[in-house]
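The next block holds one structure in the form of structure tokens; read it before the comments.
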Amino acid sequence: MSGNSGMVSQHPHQDSTSCPIMCLHEDIICQLFNYIPQLSDKVHLACVAPKFRDAFDNWARRQRSHSLNAQDVEQMQLPDLIVFFEVAGPFITVLMVNTASYHKESLIVEFIAEYCKNLEEIHFSNVTDEFRFGQLLSRLTHLRRVSIHCSEVEDVLNLDMENNQELEFFELINGCYTGKHLCDFPKLQTIVLRDCLLWNSGELGITLKKLRVLVLEGCCFDVMNQSLYEKIAKCCVDLEDLTFSNCDVHFEVIAQLVNLKRCTLKTYISTSNELNLDFLSALAEKRDSKLQYLNLTGQFEIGNEHATCLGQLNTLLQLHFSDNDVLEDSHFLLFNDLPQLKLLGLSWCGSVTDTGLANLICRCPQLNRMDINHCNQITNNLVFNAISCCGKGTGRSMILNVAHTKITNTMLEVRSA
């Protein structure tokens with residue numbers, strides 16, 4: 001009797017604490033979707049019942065973006081593909097495609113083009129001349145960002161993106177390009193071309209008044225760069241950020257860019273090490289210059305005249321040098337007019353010593369941070385010099401971010417304490 005009464009007393013307790021999944025409130029179901037990592041698994045849960053499908057739709061609308069790696073659906077059977085894209089397709093905004101790993105590209109392209117109408121961003125990798133996924137560029141209409149990383153491309157890709165008038169960002173790496181496909185996008189603000197062969201650069205497609213960021217890094221040109229420089233200076237009137245390989249003859253025309261705020265120049269073993277003096281001189285003489293950031297990477301030939309011009313860029317907030325053994329202490333003595341400089345970056349500059357940086361600290365009253373990496377002539381004396389300069393009652397502070405120098409860890413620990 002007592003045993004039976006004990007069993008009876010347990011049933012109400014179990015009923016009061018159990019909650020069948022079908023009875024969950026919609027807010028709880030939405031929380032479940034947050035804890036399921038794979039989009040395909042979220043779709044499986046959404047298909048349990050109409051209540052879960054409604055919860056998924058509401059949850060998906062509240063998210064900023066949903067990403068799909070096309071590789072995740074490549075192994076799905078056709079019925080599963082249909083269900084997945086019917087449920088999740090309208091909410092997918094970012095797509096990643098490794099084009100080297102597919103055997104049924106045409107089928108996946110059809111599903112993406114049909115169901116993922118709201119795609120805004122596509123990243124292609126391992127692209128070859130057989131770029132079947134490229135069909136998506138002509139069939140979608142809301143793309144804002146397109147990135148294409150090629151592996152074996154010997155010809156110009158057919159990039160028909162005309163239907164995507166909202167395009168803001170385009171990146172091509174290790175490919176061939178003429179530029180004619182980028183001429184008619186009123187909102188395009190960023191073009192990144194790295195390690196590309198640019199054919200017919202006279203038609204490079206940078207005639208865009210709205211362009212703000214242009215990266216031409218490690219690219220080969222089939223014609224002289226002069227026409228390209230002139231085209232940039234004439235057409236890209238709103239350009240604020242320029243990254244370019246080389247700074248050789250004719251580059252001085254780039255100084256005409258009235259809105260240029262950031263400039264990164266790079267040189268490689270296979271390219272010219274010339275640092276165009278006329279370009280630096282023109283920048284130094286501009287009274288309305290907006291240049292705040294300058295980065296010189298590689299073994300640029302820096303002489304005293306170059307250093308004098310660099311030292312007159314009085315609007316600079318940041319100055320960076322990388323991979324340059326030509327830069328030396330005497331150049332810092334010529335940095336006489338950098339009143340706003342706040343950050344100096346040095347990386348792999350083996351000829352610079354504590355003396356040169358100490359002079360810069362004294363000459364630049366706003367300098368409050370140095371990022372120094374792999375500079376083997378920098379020692380503990382830099383710390384002492386910084387303390388001495390900043391401790392003269394000016395209330396000045398200095399941050400030293402150092403790695404792979406001769407400054408000892410003990411020194412940094414003591415001073416940071």
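Any read-out appearing in this document is the output of simple, stated calculations on the displayed coordinates, not a laboratory observation. Computed from a predicted model, the values in this text were never measured in an experiment. Cβ coordinates were reconstructed from backbone atoms using ideal geometry, including for glycine residues, and neighbour counts include every protein chain displayed.
Expressed in nm to one decimal, what extension gain is obtained for the pair Asp155 and Gln38 from 0.36 nm per residue of sequence separation less their Cα-Cα distance?
On the way: separation 117, 0.36 × 117 = 42.12 nm, distance 3.67 nm.
Going from the current span to full extension adds 38.5 nm.
Suppose the chain between Ala49 and His250 were pulled fully straight at 0.36 nm per residue; how much longer would it get relative to their current alpha carbon spacing?
Length difference between fully extended and current span is 65.6 nm.
Which of Ile36, Ile112, Ile122 ends up with the largest GNM mean-square fluctuation for the chain, with Cα atoms connected below 10 Å?
Of the options given, Ile36 has the highest mean-square fluctuation.
Taking amide H atoms as placed 1.01 Å from N in the peptide plane, list the residues 5 or more away in sequence, or in a different chain, whose amide H sits under 5 Å from that of Asn69.
The list, which skips near neighbours in sequence, is Met96.
Rounded to whole Å and sorted largest first, list the principal axis extents of the Cα atoms in segment 267-417.
So the extents along the principal axes, rounded to whole Å, are 46, 35, 21.
Give the cross-link partners of Lys51 among the aspartates and glutamates, using a straight C-alpha distance below 13 Å as the criterion and excluding same-chain residues fewer than 8 apart.
Hits, sequence-local ones excluded: Glu26, Asp27.
Just the number, please: Stokes-Einstein D of the chain in µm²/s, Kirkwood Rh from C-alpha pairs, 20 °C, 1.002 mPa s. List each step's numbers first, then the result.
On the way: Rh = 25.7 Å.
Estimated via Stokes-Einstein, D reaches 83 µm²/s.
Figure the gain on full extension for Thr190 and Glu162 (residue separation times 0.36 nm, minus the Cα-Cα span) and round it to one decimal in nm.
8.4 nm
What FRET efficiency do you get for Ile269 and Leu78 if R0 is 56 Å and r is their Cβ-Cβ distance, rounded to the nearest 0.05?
0.60
With a cut-off of 8 Å between alpha carbons and a minimum separation of six or more residues, what is the relative contact order of segment 303-417 in percent?
That works out to 22 percent.
Please list, ordered by chain and number, the residues whose modelled amide H lies under 5 Å from the amide H of Leu275; skip anything fewer than 5 residues away on the same chain.
It is Glu301, by chain and number.
I'd like the FRET efficiency for Arg287 and Lys406, computed as 1/(1 + (r/R0)^6) with the beta carbon distance as r and R0 of 51 Å, rounded to 0.05.
It comes out at approximately 0.75.
Using only helices, what value at 222 nm comes out for the chain when you add -39,500 (n - 2.57) per DSSP H run of length 4 or more and divide by the total residues, to the nearest 500 deg cm²/dmol? Let's see the in-between values first.
On the way: 14 runs with 133 residues, N = 417.
After summing the helix terms and dividing by the residues of the chain, the value is -9000 deg cm²/dmol.
For the chain, set up a GNM with springs between Cα atoms under 10 Å and report which of Gln299, Gln77, Gln189 has the largest fluctuation.
Judging by the Gaussian network model, the answer is Gln77.
Under a 10 Å cutoff between Cα atoms, tell me which one of Thr128, Thr379, Thr99 has the largest fluctuation in the Gaussian network model of the chain.
Thr379
Run the reach check for Lys392 against lysines, Cα to Cα strictly under 29 Å, same-chain hits fewer than 8 apart removed. What comes back?
Lys342, Lys406
Can you return the lysines within cross-link range of Lys234? Criterion is Cα-Cα under 25 Å, with same-chain partners fewer than 8 residues away left out.
Qualifying lysines at Cα under 25 Å: Lys180, Lys187, Lys209, Lys210, Lys261, Lys266, Lys286, Lys290.
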